[in-house]
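The structure appears below as structure tokens.
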Amino acid sequence: MRYIVALLGVALAGSASAQTRVDSLLARMTLEEKVGQMTQLTLAAVAARGGPARDSVRLDSAKLREALVDRHVGSLLNVVGGSLTLEGWHALIGEIQDVAVNRTRLRIPVLYGIDFVHGANYTRGGTIFPHNLGMAATFDPALARRAGEVTGDEAIASALPWNFAPVLDVGRQPLWARFYETFGEDPLVASLLGREMVMGMQRDGRVAATLKHYLGYGVPRTGRDRTPADLTPRGVREHVLPPFAAAVRAGARAVMVNSGEIDGEPLHASRYWLTDVLRGELGFGGVVVTDWEDVIFLHTRHRVAATHRDAVRMAVEAGIDMSMTPHDFGFADHLLALVREGTIPESRVDASVRRILALKEELGLFDSPLPDPALRARFATEEAAGAARQAARESITLLQNDGVLPLKKDARVLVTGPAANSLTALNGGWTHSWQGTDASLFPPGSPTLLQAMLRRGSDVRYVGGSRFTDPIDIAAAARAAADADVAVVAIGEDAYAEWVGDIGDLTLPEPQLRLVEAIQATGTPVVLVLVEGRPRIISRVADRACGVVMAYWPGMHGGDAIADVLFGDHNPGGKLPFTYPRHPNHLLTYDHVLTETLGPGMDRRATAFNPQWEFGHGLSYTTFAYSALRASGEVAPGDSLTVEVTVTNTGARAGQETVLLYTRQHYASVTPPVRRLRAFHKVGLQPGASRTVTFRLSTDDLRFIARDGRPTLEPGAFDVMVGGLRATFRVLDPAVDADRR
Ligand code: BGC
């Protein structure tokens with residue numbers, strides 16, 4: 001105990017001296033130095049002519065001095081053409097910090113930001129995890145925590161203390177090209193996994209996680225990147241705010257703002273969302289950074305500001321701390337003028353600068369700004385690779401199986417399709433380059449799906465173009481299929497990032513559908529492997545597929561993970577974290593309201609929800625039976641409700657099952673959804689084994705956002721639904737049911 005008190009004393013003394021350092025710096029700073037701290041430039045702005053190359057960056061020392069010494073820039077962000085080795089990062093960061101701490105008046109270190117969005121995806125040999133969509137399919141918060149820890153460790157080892165991750169946008173518009181960066185369509189899944197990832201990443205205090213993109217980015221009405229959200233303020237609070245709230249509670253240190261808008265208000269200009277809600281309601285005390293060029297876009301794109309200067313005023317008044325300008329000093333110049341003319345008080349600038357300096361202080365940058373070679377021991381360990389391998393395996397989701405899977409090791413297997421021999425398709429965007437399409441930057445040794453299958457099966461053949469852009473010889477593939485016991489057709493999408501991946505139609509491209517149809521026409525059983533960042537519609541071929549395996553973008557270990565599932569070396573346990581649509585214009589989420597599903601006919605029955613596969617769907621090579629669902633019959637507001645269910649492995653193999661608990665309120669003042677996920681728990685069971693899973697729900701978990709925008713519990717009857725079973729309970733009304741407690 002005394003030891004803890006002593007430690008606490010040290011921590012408090014430490015934070016007091018940190019506070020003093022920040023305050024004393026702030027007191028000595030000129031206004032120019034302050035607005036410089038609030039400016040973030042892209043690396044390209046200080047790179048030598050030609051910009052950063054794919055595997056090295058040469059800095060332009062004159063530009064670097066101008067930025068750091070003359071213009072007092074506080075932060076740089078990564079945009080290199082490719083990725084760097086650890087040594088490359090150390091040299092680059094060392095050179096930057098040398099100027100910052102040895103040549104500037106106040107010796108303030110630079111805060112360097114990077115997008116490690118699925119592991120250390122910009123350091124050669126870094127550990128690469130599945131993208132968040134695949135992480136969500138594991139339904140395993142502990143794995144998300146581990147992925148965060150590994151990413152944090154490898155960021156520190158790379159001397160990169162500020163990570164622009166995790167993406168906590170809720171992916172409720174599958175057309176969106178950043179769908180794969182999300183944890184899927186459910187706010188609870190995104191909250192629980194996102195929170196763990198943040199805690200893992202920030203574990204030892206030397207890395208800052210950034211929650212992005214606050215707020216509503218994941219629900220663009222058009223489906224195109226950076227376009228307005230299809231949300232009401234009530235919908236924001238119901239569906240997209242919760243993961244940010246959970247991660248702020250978990251201590252996240254930075255937030256990046258959504259480039260889009262909600263209800264006609266660009267987020268970068270929204271005092272309501274950035275200050276009243278983020279700081280006031282959620283209590284966020286960290287740094288708010290804009291996204292790319294988004295301040296000037298208030299003027300040039302959103303057109304809510306008549307001039308660039310007015311855009312700067314709006315963004316600062318709304319609550320941003322740092323502007324990712326990212327090419328020039330316009331933001332700083334305008335802010336300077338706005339303070340000088342008295343439009344923005346200097347105290348407002350001070351508040352932001354204090355937060356930025358405090359972040360640098362917390363990250364230890366003042367005490368050790370230079371890369372520490374000793375930290376390399378934390379990079380790409382065998383244990384980290386094991387975690388990424390486990391995440392890839394646990395993400396793989398078996399959507400359909402008529403018994404064709406698992407494959408026999410000696411089966412004659414044709415492997416074909418554009419994703420079959422592609423590492424870029426397994427890894428998706430943000431992998432060794434922004435778009436992730438340059439496989440020459442990838443480490444040697446990670447197998448494609450084909451290579452992984454060749455290692456496992458004794459008779460695996462291959463026909464096909466090796467890239468998505470190659471023509472597919474459909475006739476040759478069909479001929480080879482006719483001669484095989486089974487055809488594994490890997491289809492989907494090659495890597496893309498952000499708006500480059502915008503599409504106007506979710507349907508899988510025609511050549512790929514034709515390939516599948518031609519192979520199906522041979523009569524050879526077809527297994528589809530979906531390697532994709534969002535659900536491309538395959539209804540034309542799905543029903544005739546004997547097996548369908550969803551791989552998402554599983555990362556460097558994806559080839560092995562998929563092959564393990566196909567050959568039965570791993571029993572799949574992933575579950576879909578979104579609703580897989582059957583039709584391009586039927587894009588409902590699982591938690592829709594009944595009236596969204598009214599079908600044709602005079603009686604308009606609710607029959608129109610018919611997705612290809614439902615949220616939470618995922619098969620196994622064993623079977624699970626659910627029984628004995630029990631819920632305490634009545635619960636008073638503020639009390640907790642116990643729900644129990646028994647799960648039995650009724651098949652012949654050990655397996656993992658995620659138990660998903662939904663509730664449905666019978667009647668409410670706001671149309672209740674047909675179901676809402678309230679809890680989940682993953683269990684591993686040996687054949688014949690049973691486990692009783694107990695959930696404890698608080699009545700707070702049963703709240704919804706009422707018309708006044710507040711979380712509200714309304715008494716009445718609820719269904720609880722688990723594994724096809726249903727029980728009913730009541731939330732008591734204190735006014736009416738007082739005597740029943
Ligand atoms: C993206 C952000 C990213 C930033 C820096 C932007 O275009 O929207 O997610 O963090 O670039 O690379």
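Side notes on the structure shown:
- Here the chain is assigned +1 on the Cβ of each Lys and Arg and -1 on the Cβ of each Asp and Glu. Its dipole about the Cα centre then comes out at about 640 debye.
- Residue-count net charge about LEU370 - beta-carbon cut-off 13 Å; Lys, Arg +1, Asp, Glu -1: -3
- Reported to the nearest whole Å, the Cα centre-to-centre distance from segment 232-269 to segment 445-509 is 38.
- Rounded to 0.05, the FRET efficiency of the ARG21 and GLU95 pair, given R0 = 30 Å and the Cβ-Cβ distance, is 0.75.
- From the Kirkwood radius over Cα pairs of segment 396-566, Stokes-Einstein at 4 °C and 1.567 mPa s returns a whole-number translational diffusion coefficient of 82 µm²/s.
- Relative contact order (percent, whole number), segment 624-740, Cα cutoff 8 Å, 6+ residue spacing: 33
- Scalar couplings 3J(HN,Hα) for segment 654-668, obtained by applying the Karplus form with A = 6.51, B = -1.76, C = 1.60 to θ = phi - 60°, are 5, x, 10, 10, 8, 8, 10, 10, 10, 10, 9, 8, 5, 9, 8 Hz; x denotes Gly and Pro.
- Cα-based helix-to-principal-axis angle, 510-520 vs the chain, degrees rounded to 10: 30
- Dipole in debye (nearest 20) - segment 292-351, about Cα centre, beta carbon charges: Lys, Arg +1; Asp, Glu -1: 220
- Inter-centroid distance (Cα atoms) of segment 35-94 relative to segment 642-718, Å: 49
- Available extension along the chain between ALA654 and ALA717 is 18.9 nm, counting 0.36 nm per residue and deducting the alpha carbon span.
- Cut-off 15 Å (backbone N to label point 7 Å along Cα→Cβ of THR222), residues of segment 481-520: 499-505
- Contact order normalised by residue count of segment 4-378, Cα under 8 Å, 6+ apart, percent: 17
- A Förster distance of 41 Å, applied to the separation of the beta-carbon atoms of ASP410 and ASP204, puts the FRET efficiency at 0.25.
- Label zone at LEU725, where the point sits 7 Å out along the Cα-to-Cβ direction: segment 671-703 residues whose backbone N lies under 12 Å: 691-695
- Length-normalised contact order for the chain - Cα pairs under 8 Å, 6+ apart - percent: 12
- Distance between modelled label sites at ARG703 and ARG604, nm, 7 Å Cα→Cβ extension: 3.3
- Two-site FRET efficiency, LEU31 against SER56, from Cβ-Cβ distance with R₀ of 51 Å, rounded to 0.05: 0.90
- Our summary of shape: the Cα atoms of the chain have principal axis extents of 75, 73, 60 Å, ordered from largest down, in whole angstrom.
- Restriction of the trypsin sites (Lys or Arg not before Pro) in segment 27-85 to DSSP coil positions whose beta-carbon has at most 16 other beta-carbons within 10 angstrom yields ARG49, ARG54, ARG58.
- Compared with the alpha-carbon gap, the fully stretched path from ARG49 to ARG348 is longer by 103.9 nm at 0.36 nm per residue.
- Added length on full extension, which subtracts the Cα-Cα distance from 0.36 nm per residue, GLU317 to ALA377: 17.2 nm
- Positive dipole terminus of the chain, leading residue within PRO577, GLY50, LEU68 (C-beta point charges): PRO577
Since every read-out is calculated from the coordinates, none of them should be taken as a lab result. All figures in this text were calculated on a predicted structure; none of them were measured in a lab. Cβ atoms come from the backbone with ideal geometry, glycine included; neighbour counts cover every protein chain shown.
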